[in-house]
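FYI, it's all coordinate maths here, none of it is from the lab. Bear in mind that the values here come from a model prediction, so they are computed numbers and not experimental data. Cβ: placed from backbone, ideal geometry, glycine included. Neighbour counts: every protein chain shown.
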């Protein structure tokens, strides 16, 4: 999976979560950060090769991993609240989801510029 495709899979996941918020239905699409499409690629293809990257790219890889985890933590909050039918409370996390997503995507784009994709 290339970096741009990784961004697309992340964006699709975010879209599904946001659709749950908009529709006020239980969000059942949440997955742990290691089990979403992006996470599967990241933990199989990028993280194991981290030491092959430049020092700057390694820092970006660390940042991406952290931002990805934080994004999924916010997503899990939304999922849990929506399953409890606390839709208005779940919507309060939408800004956090979008902020985490933006930070993650920006870091992925920086990594794409900094390095060749494994």
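Quick notes on this structure:
- Taking only the Cα atoms of the chain, the radius of gyration and Dmax are 14.8, 46 Å.
- Max mean-square fluctuation residue, GNM over the chain, Cα-Cα springs under 10 Å, options 103, 95, 28: 95
- Measuring r between the beta carbons of residue 31 and residue 55 and using R0 = 22 Å, the FRET efficiency lands at 0.10.
- For the chain: relative contact order, % (alpha-carbon pairs under 8 angstrom, 6 or more apart): 37 percent
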